[in-house]
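Following: one structure in structure tokens, then a few remarks.
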Amino acid sequence: MAEQISTLGDPTMRDGSQAVRHSFTTEQVAAIAGGLDKCGVPMIELSHGDGLGGSSYTYGFSKVDEFELLEAAAKEIKNARLTALLLPGIGTIEDLKRAQSCGVSAVRVATHVTEADVSAQHIAAAKELGMFAVGFLMMTHMGEPELIAEEAAKMESYGADYVNLADSAGYLLPDGVKA
């Protein structure tokens, strides 16, 4: 039987950055990261709202360079894993390496629920760097349970420590989640 991993991640400074137009300051990030760490949150996620490399004309520029924010958070975190999001096609392996040099020790590699294959090189790179790697399948309402299981198995075969499933559109009802 595979190891059971039970963890909680807080994406306030990543997903939440979209609500404030990517305007977090280093002081805000340090305070939030320190507070979450003191509360025992095991994974604290920080990057542009669209993941590493997201600060761009396409997705909106961050007020402060995301790598400066990562360094500020890393200084405050004593117990948690500083985590970043990486979407293949937006973020690169070079971005992942740079994030690791700023203190990131875990990454969630996100793809559409039907496209796990595009995560292979990013998950493998994270594992080669000694990072905790999470496969992240988004838009799960667009796949049948059998397909989702197949895509999750791909991420596991690439080295993912676990696979996170998200109904990122808010479409699934309880019966769909149960299935």
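Every read-out reported here was derived from the displayed coordinates using simple, explicitly stated rules and does not represent laboratory data. Note that the structure is predicted; figures quoted are calculated from it, not measured. Backbone-built Cβ (ideal geometry, glycine too); neighbour counts: all protein chains shown.
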(request) With no solvent and one equal point scatterer placed on each C-alpha of the range 114-158, evaluate the Debye formula and give log10 I(q)/I(0) for q = 0.14, 0.21, 0.23 Å⁻¹, two decimals. (result) -0.32, -0.65, -0.74
(request) Take the range 40-87, drop everything but the C-alpha atoms, weight them equally and run the Debye formula without solvent; then report log10 I(q)/I(0) at 0.22, 0.23, 0.32 Å⁻¹ to two decimals. (result) -0.75, -0.80, -1.19
(request) Taking H placed 1.01 Å from N in the peptide plane, check which residues at least 5 places from Val113 or on another chain put their amide H under 5 Å from its amide H. (result) Met138
(message) Report the gain in length on full extension from Leu8 to Lys75: 0.36 nm times residue separation, minus Cα-Cα distance, nm rounded to one decimal.
(response) 22.1 nm
(request) Compute the distance in nm between two label points, each set 7 Å from the Cα along the Cα-to-Cβ direction, one at Lys97 and one at Cys39. (result) 3.6 nm
(message) Run the simple label-point estimate for Ser157 and Asp175 please: 7 Å along Cα→C-beta, distance reported in nm.
(response) 3.3 nm
(message) Could you tell me what a quarter of the Cα convex hull surface of the range 65-179 works out to, in nm² with one decimal place?
(response) 7.6 nm²
(message) Could you derive backbone 3J(HN,Hα) for the range 123-136 from the dihedral phi with the Karplus parameters 6.51, -1.76 and 1.60 (θ = phi - 60°), listing whole Hz in sequence and x where the residue is Gly or Pro?
(response) 5, 4, 5, 4, 5, 4, 7, x, 8, 7, 10, 10, x, 10
(message) Just to be sure I follow: if Rg is taken over the C-alpha atoms of the range 8-138 and Rh is the Kirkwood radius over the same atoms, what is Rg/Rh?
(response) 0.94
